[in-house]
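Here's the structure, in structure tokens; my notes come after.
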Amino acid sequence: MTPDEFRNALAKGQGRAVRHVRESSAEAVRDALLDACVCCKTYDTQCEGFRADWLYQMIELTGEMEFYRKQILNVISNNRDADADSYDFW
């Protein structure tokens, strides 16, 4: 899967994204996975719900839990004034 195909699979919530994480190096998926963690890719949260458990599963597969924890907390702390109605932190 190319990086663009992986980003697309993340945006659509496709299971092949998990398979790609299993088959790739942690570094190869890092940027796209981090982006999916801090920018809501869900088209309609009323229908689809949230993807936190699914993203967490992929983060665990990378073996880089501490990296993602630090990066996500950094994004949250630097965007405290983000729009309260938004699910994004970018």
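The values are calculated or read from the model by the stated rules, or taken from the named source; none is laboratory data. The structure presented is a predicted model; accordingly, all values stated were derived computationally and were not measured. Neighbour counts are summed over all protein chains in view; Cβ atoms, including those assigned to glycine, are modelled from backbone coordinates with ideal geometry.
Residue pairs whose Cβ atoms lie under 6 Å apart, separated by 6 or more positions or on different chains, with the first residue in region 5-31 and of a type in the set (Phe, Trp, Tyr) and the second at pLDDT 95 or above and part of a helix (DSSP H, G or I), are PHE6/HIS20; PHE6/ALA32. Scan region 34-49 and tell me whether some residue there is modelled with pLDDT under 95, among the β-branched types (Val, Ile, Thr) and assigned to a loop (DSSP other than H, G, I, E, B). For region 34-49, residues modelled with pLDDT under 95, among the β-branched types (Val, Ile, Thr) and assigned to a loop (DSSP other than H, G, I, E, B): present. Is at least one residue of region 65-86 in a loop (DSSP other than H, G, I, E, B), at pLDDT 75 or above, of a type outside the set (S, T, N, Q) and in contact with a helix residue (DSSP H, G or I) (Cβ under 6 Å, 6 or more places away or on another chain)? There is no residue in region 65-86 that is in a loop (DSSP other than H, G, I, E, B), at pLDDT 75 or above, of a type outside the set (S, T, N, Q) and in contact with a helix residue (DSSP H, G or I) (Cβ under 6 Å, 6 or more places away or on another chain).
Just to be sure before I move on: is ARG7 of a type outside the set (Ser, Thr, Tyr) and surrounded by 17 or more Cβ atoms within 10 Å (Cβ to Cβ) in the structure I sent? Outline the logic, then answer.
On the way: of a type outside the set (Ser, Thr, Tyr): yes; surrounded by 17 or more Cβ atoms within 10 Å (Cβ to Cβ): yes.
Spelling it out, ARG7 is indeed of a type outside the set (Ser, Thr, Tyr) and surrounded by 17 or more Cβ atoms within 10 Å (Cβ to Cβ).
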